[in-house]
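Student: Quick one: the structure is below, questions incoming.
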Amino acid sequence: MLNEFWQIDWFPIRLTLQVATLATLISLFIGIFIGYLLARKNIPGRNLVDSLISLPLVLPPTVLGYYLLILLGTRSPIGKLWESIFGSPLVFTWSGALVAATIHSLPLMIKSARVAIEEVPLEIENAARTLGASSSKVFFYITVPLAKRGLLAATMLTFARSLGDFGATIMVAGNIPGRTQTVAIAIYDAVQAGRDNQAFILVVVISLLAFLLLYIVNLLGLAKKSNF
């Protein structure tokens, strides 16, 4: 077992961390923006928008992956535009894995950001506006700082969710060792091939990382409660 630990191909771990990090950063900026709109703005069809955003959370990952494959494939307008700009298709590349992980985890970030922002008292924001603060200043200097613990916890959960995506990723990015094989796909591939020790090592590594993230989220939750 120890020898296999040093001989194992760590590319799936590196790719997974890379994809999860980028997907989390993208989800963070988009999620806070949309979460703020849903929490503070009376936009038309807000319930419909919220339902559409929540859809990836309830759809089977392979169904989500199929939609993305149709949307991003070489015959789609988006796929053709991507290939004309970058000279290669979007699907069956690590960029496709990034898109799949982002779409898979973004709804969690949006809904968590919305809850965190809704917990910020409106009275404080309104008081800042009466003192002459613009909407952007209220957002960056009042809303986000007061919601930071909830937003940070949401970021951790989004990262953890990005780590474990399988169905959508394998549909969009495929299973190409050394190119698009994330850790979830590598574990499945190792089990199918009878490489049980390799699968066990990857499972332990990713489980420890996920546990650490959840532990940090719980600490943030306790710290948040202690402030009230």
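Student: Starting from the Cα-Cα distance between residue 196 and residue 11, subtract it from 0.36 nm times their residue separation and give me the gain in nm to one decimal. Display every interim value, and only then the final one.
Tutor: Numbers: separation 185, 0.36 × 185 = 66.60 nm, distance 1.77 nm.
Additional length available on full extension: 64.8 nm.
Student: Which one of 62, 102, 178 has its Cα pushed farthest toward the positive end of the charge dipole of the chain, where Lys and Arg give +1 and Asp and Glu give -1 at the Cβ?
Tutor: Of 62, 102, 178, it is 102.
Student: In 5 Å bins starting at zero, report the fraction of Cα pairs in the stretch 18-138 per bin as a rounded %.
Tutor: Result returned by the calculation: 2, 10, 15, 17, 17, 13, 9, 7, 5, 3, 1.
Student: Here's another thing I want to ask about it. Normalised by the number of residues in the chain, what is the relative contact order in percent for Cα pairs under 8 Å and 6+ residues apart?
Tutor: Worked out over the chain, it gives 30 percent.
Student: A further question follows. Measure off 7 Å from each Cα along the Cα-to-Cβ vector at residue 85 and residue 42, then give the distance between these two points in nanometres to one decimal.
Tutor: 3.7
Student: Given labels modelled 7 Å from the Cα in the Cβ direction, how far is it in nm from residue 208 to residue 140?
Tutor: About 4.1 nm separates the two model spin labels.
Student: Quick check: from the Cα gyration tensor, does the stretch 132-200 come out rounded (a/c under 1.5), prolate or oblate?
Tutor: Since a/c reaches 1.5 and a/b is larger than b/c, the shape of the stretch 132-200 is classed as prolate.
Student: Within the stretch 2-226, how many Lys pairs sit with Cα atoms under 18 Å apart, leaving out pairs fewer than 8 places apart on the same chain?
Tutor: Qualifying lysine pairs in the stretch 2-226: 6.
Student: So what are the chain's ellipsoid semi-axes, whole angstrom, largest first, if each one is the square root of 5 times an eigenvalue of the alpha-carbon gyration tensor?
Tutor: Over the Cα atoms of the chain, the ellipsoid semi-axes are 36, 23, 14 Å.
Student: Continuing with this model, one more query. What value, in deg cm²/dmol to 500, does the helix sum -39500 (n - 2.57) over DSSP H runs of n ≥ 4 give at 222 nm once divided by the residues of the chain?
Tutor: -24500 deg cm²/dmol
Student: Computed over the Cα atoms of the stretch 1-87, what is the ratio Rg over Rh, Rh following Kirkwood?
Tutor: Here the Rg-to-Rh quotient is 1.12.
Student: Let me know the charge dipole size of the chain about its Cα centre in debye, to the nearest 20, where only the beta-carbon of Lys, Arg (+1) and Asp, Glu (-1) is charged.
Tutor: That gives a dipole near 640 debye.
Student: Using only Cα atoms, what is the ratio of the radius of gyration of the stretch 97-160 to 2.2 N^0.38 Å? It would help to have the intermediate numbers written out before the result.
Tutor: Numbers: Rg = 14.1 Å, N = 64, 2.2 N^0.38 = 10.7 Å.
Taking N as the residue count of the stretch 97-160, the ratio is 1.32.
Student: Quick one: helix 11-40 against the long Cα principal axis of the chain, what's the angle to the nearest 10°, folded into 0 to 90?
Tutor: The two axes meet at around 20 degrees.
We did not get these values from a lab; they are worked out from the coordinates using the rules stated. What you see is a predicted model; the values in this text were computed from it and never measured. Every residue, glycine among them, receives a Cβ derived from its backbone with ideal geometry; neighbour counts consider all protein chains shown.
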